[in-house]
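Chemist: Got a structure here, written out as structure tokens. Questions coming.
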Amino acid sequence: MKANRSIRVKLITLYVAILTLVFVCFGIYIYAGFKTYLTRSLQQTLTWRAQQIASTFLQEIPTKGEAFVSNEIQTRYAPELNQRVIRIADVHGQQVYGSKNSDVLTRIQPELVSGPQVESVPVSSQVSLPSGERLEVIALSRRIADGSIYTVEVGAPETDISTALAGLTWTLIFGFPFLIGLAIGGGYILLGRALRPVDQIVSAAEAITLENLRQRLPVSKTGDEFERLSSALNRMIERLDESFQLTTRFAADASHELRTPLTVMRGELESLIKEPTLNEDLAERIGNVLEEAVRLTRIIEGLLFVSRLETGEAQMRKDKIDLGEMINGIADQMAPLADDKLLNLCRKITPGVLVEGDEIRLKQVGVNLLDNAFKYTPEGGQISLHVWAESNLAIFSISDTGMGISERALPHIFDRFFRAEQARTSRTSGTGLGLSIVQSIVEAHGGKVRVESQEGRGARFRVELPLMKLQPAAMMEKTGVAV
Amino acid sequence: MRILLVEDEEKVARFVERGLKAELYLVDVVADGKTALHHLEHFSYEVVILDLNLPDISGHEVLRYIRKSNRSLPVLILTARDSIADKVENFELGADDYLTKPFSFTELVLRVKALLRRGQSPNRVDVLQVADLVLDRSAHQVRRKEHLIELTAKEFALLEYLMMNAGRVLSRTMIVENVWDQSFEGLTNIVDVYVRQLRKKIDEGHEVKLLRTVRGVGYSISEEGA
């Protein structure tokens, strides 16, 4: 779920960033283009105007006089009203006509190329009015019939251009957040829809455990990446399943193959040891071998048992068990072992703590843990058994005052064939599987086994099993008894 | 008493045959299913010991044939598999008993004897006796040389099991499974402790020790003593 959301956020962030970049570039491009276009068209208009003035009035200067021309321009173009600045000057810079503000003009006199050419190329320039306003100016020179040359300058403020550009800028600034908002919202919804199969794959994959490796993920026949992903995962699960089955089959096959030779060994040794002619020394040696053969049998059976529990192949009965009663029974039966080592066995058992499970298997847990405690506690030590219920757990704990388990060994004591250094050196003849069996049985019942220990200060094993849920009727009966 | 042993592992067949012959049974050994069917058709047996893994037709087939032709013939299955599913299947097919390899030979003999007794009227003896040690099942009393011996329930059960099989060496595993239960499997030191207690009560102060330890095998109670 978290990963899904973060992919969404990541993708949206990324594409919003890209979108912003694109939008900014686009804005700059549009702004620049629009500005160029507006300036050009203003220059175009001014050029036309200048050409018009040049071709209409310059001819009349020699014949009708400067005053007439000035008057004519003033009435025809009304430069002040049209926000134009117009000036006409002769080749010496002598002004023929000048509208208001014409003194700021550039006085550029575009050169006429000699020869038959009558009119120069228009030259543009910018000047500022005293008010700070910018003027776009076009200057143009023209030769009239009598050979004299005049320059016409026409200027117009850039106010229109700036107004239009400001409008564009504001449109862009207001449009941007709206666009981004739309992109985020739309992207969130679209990505959510697109990523939904991931959720389905995740929850299906979470449901697959060692016990149901046969299950497969749902594959939607959409032909997209998710179909490929779930098919690829399915193929991976298939390979896992195969190799896991191979391992399980290996354990089964190996133990199966070992059984026949062991049967022969045990059978022959057993018949050998019964020979009346056998002397005592030989009998003892054969007995030793026989003992080891029996132990080997137990190791193989333990190994097979653990792997069956782990694969869920072993079936568990569902008996209703009073945990305290069961532990009491075990403790009673094993008490002579405690007496034998002068161990003090103390019990604090809450009656009526019920669990559901396979009685033989759960008893095996108690027997194994108690046997361990007896084994690793020196003479005169104390072993305490506790059974109680806590919220929805039935708990059985066993603590001893034995040698304890080193910190280094602690995480491994449930591993198959693991033996702590202290245990290795002490006189034991176990299979190395006792605690693995305990753990497998407890976990097969949906429980947990924990251990805490300090070296030299004893160990405490704690088995937690799901408390059996009583039927309402039984519960009432129980409270009735309690009252 | 004629026993048919169907076992394809030659070495296993050999020691089982030898052991059973030493117990004075007549034993026919066959190594495959077809021969087994042939023998079952032409001879009569009191017990069949049947390995499930056979080279030609499976032990299950043989078992099915036996159940079709002779419903009451006791069959003891030997198998290298011990999953519960197999066990259930075997009993459903009509096996009377079941031993997983590797097994203790003494246990095999005891099971065969039990199967042979099955048809007869139950002749449960109330009083077991080994030399001067007497166990009275109905009165729940044990006496040696007329002296009453106080035993705990477990000690009594242990002694009873040993005396029922007097003269035979019982392995710790067999004792655990019969006197305690399967969950004590592997906890053989509990047997040692109980035997020690029992020995203290029945043998201490007596010249003839009845309870004998057989190194590597287990315990036995017999007249010869230790």
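Read-outs throughout are calculated quantities, based only on the coordinates presented, and are distinct from any laboratory measurement. As the structure is a prediction and not an experimental result, all values here were calculated from the model. Using ideal geometry, Cβ is built from the backbone for each residue, glycine included, and neighbour counts are taken over all protein chains shown.
Chemist: Report the gain in length on full extension from A:LYS448 to A:SER148: 0.36 nm times residue separation, minus Cα-Cα distance, nm rounded to one decimal.
Modeler: 96.7 nm
Chemist: Let me ask something additional. Can you compute the modelled spin-label distance between B:ARG196 and A:GLU80, with each label point 7 Å from Cα toward Cβ, in nm?
Modeler: 13.4
Chemist: On alpha-carbon atoms, Rg over Rh for the stretch B:127-221 using Kirkwood Rh?
Modeler: Checking Rg against Rh, the ratio lands at 0.94.
Chemist: Under 8 Å for C-alpha pairs, at least 6 residues apart: give me the relative contact order for the stretch A:225-311, rounded to a whole percent.
Modeler: 38
Chemist: Given an 8 Å cut-off on Cα distances and at least 6 residues of separation, report the relative contact order of the stretch A:321-400 as a percent.
Modeler: Reported relative contact order: 38 percent.
Chemist: Can you figure out the FRET efficiency of A:TRP48 with A:THR159, using R₀ = 22 Å and their beta-carbon distance, to the nearest 0.05?
Modeler: Details: r = 20 Å, r/R0 = 0.89.
Plugging the Cβ-Cβ distance into 1/(1 + (r/R0)^6) gives 0.65.
Chemist: So what does log10 I(q)/I(0) come out to for the stretch A:2-163 at q = 0.20 Å⁻¹, using the Debye formula with one equal point on every Cα and no solvent?
Modeler: Log-scaled intensity ratios, in q order: -1.23.
Chemist: Between A:VAL289 and B:LEU148, what FRET efficiency comes out of the Förster formula 1/(1 + (r/R0)^6) with R0 = 51 Å and r the beta carbon distance, rounded to 0.05? Let's see the in-between values first.
Modeler: Details: r = 42 Å, r/R0 = 0.82.
The formula returns an efficiency of 0.75 here.
Chemist: Which of B:VAL208, A:PHE250, A:PRO466 sits closest to the plus end of the dipole of the protein assembly as shown, meaning its Cα is farthest towards the positive end, when Lys and Arg get +1 and Asp and Glu get -1 on the C-beta?
Modeler: Value computed over the given set: A:PRO466.
Chemist: By its C-alpha gyration tensor, with a ≥ b ≥ c as the square roots of the eigenvalues, how is the stretch A:271-405 shaped: rounded for a/c under 1.5, else prolate for a/b larger than b/c, else oblate? Don't skip to the end; give the middle numbers.
Modeler: Numbers: a/c = 2.67, a/b = 1.52, b/c = 1.75.
The shape class here is oblate.
Chemist: With label points built 7 Å along Cα→Cβ from the Cα atoms of A:PHE250 and B:TYR161, find their separation and express it in nm.
Modeler: 3.7
Chemist: Ok, one more. If you stretched the chain out fully between A:ARG235 and A:SER131, how much longer would it get, using 0.36 nm times the residue separation minus the C-alpha to C-alpha distance?
Modeler: Details: separation 104, 0.36 × 104 = 37.44 nm, distance 7.99 nm.
Roughly 29.4 nm would be gained on extension.
Chemist: If you stretched the chain out fully between A:ARG228 and A:ALA32, how much longer would it get, using 0.36 nm times the residue separation minus the C-alpha to C-alpha distance? Could the numbers behind the result be given before it?
Modeler: On the way: separation 196, 0.36 × 196 = 70.56 nm, distance 4.78 nm.
Full-extension gain reported as 65.8 nm.
Chemist: Past 24 Å, Cα to Cα: identify those pairs from A:LYS341/B:LYS154; A:LYS274/B:LYS145; B:LYS154/B:LYS200; A:LYS469/B:LYS154; A:LYS320/A:LYS363, in the order given.
Modeler: Result: A:LYS274/B:LYS145; A:LYS469/B:LYS154 exceed 24 Å.
Chemist: Rule-of-thumb check for the stretch A:319-482: C-alpha Rg over 2.2 N^0.38 Å?
Modeler: Working: Rg = 16.2 Å, N = 164, 2.2 N^0.38 = 15.3 Å.
For the stretch A:319-482, the normalised Cα radius of gyration comes out at 1.06.
Chemist: What FRET efficiency, computed as 1/(1 + (r/R0)^6) with R0 = 56 Å and r the Cβ-Cβ distance, is obtained for B:LEU93 and A:THR13, rounded to the nearest 0.05?
Modeler: On the way: r = 68 Å, r/R0 = 1.22.
Once rounded, the FRET efficiency stands at 0.25.
Chemist: Follow-up. Mind checking which lysines have their Cα closer than 27 Å to the Cα of A:LYS64? Skip sequence neighbours fewer than 8 apart in that chain.
Modeler: Once the sequence-local lysines are set aside, what remains near A:LYS64 is A:LYS100.
Chemist: Run the dipole for the stretch A:225-311 about the Cα centre, Lys and Arg Cβ at +1, Asp and Glu Cβ at -1, nothing else charged, and hand back the magnitude in debye, nearest 20.
Modeler: Value, rounded to 20: 220 debye.
Chemist: Take the eigenvalues of the Cα gyration tensor for chain B, scale each by 5, and report the square roots as semi-axes in whole Å, largest first.
Modeler: 37, 18, 16
Chemist: Expressed in nm², what is the orientationally averaged projection area of the convex hull enclosing the Cα positions of the protein assembly as shown?
Modeler: 62.3
Chemist: As a test of the definition: which semi-axes, in Å, follow for the stretch A:45-101 when you take the square root of five times each eigenvalue of its alpha carbon gyration tensor? Largest first, please.
Modeler: Result for the stretch A:45-101: semi-axes of 17, 12, 12 Å.
Chemist: Note down the nm distance, to one decimal, between modelled labels 7 Å out along Cα→Cβ at A:ARG457 and at A:LYS318.
Modeler: Between A:ARG457 and A:LYS318, the label points sit 4.3 nm apart.
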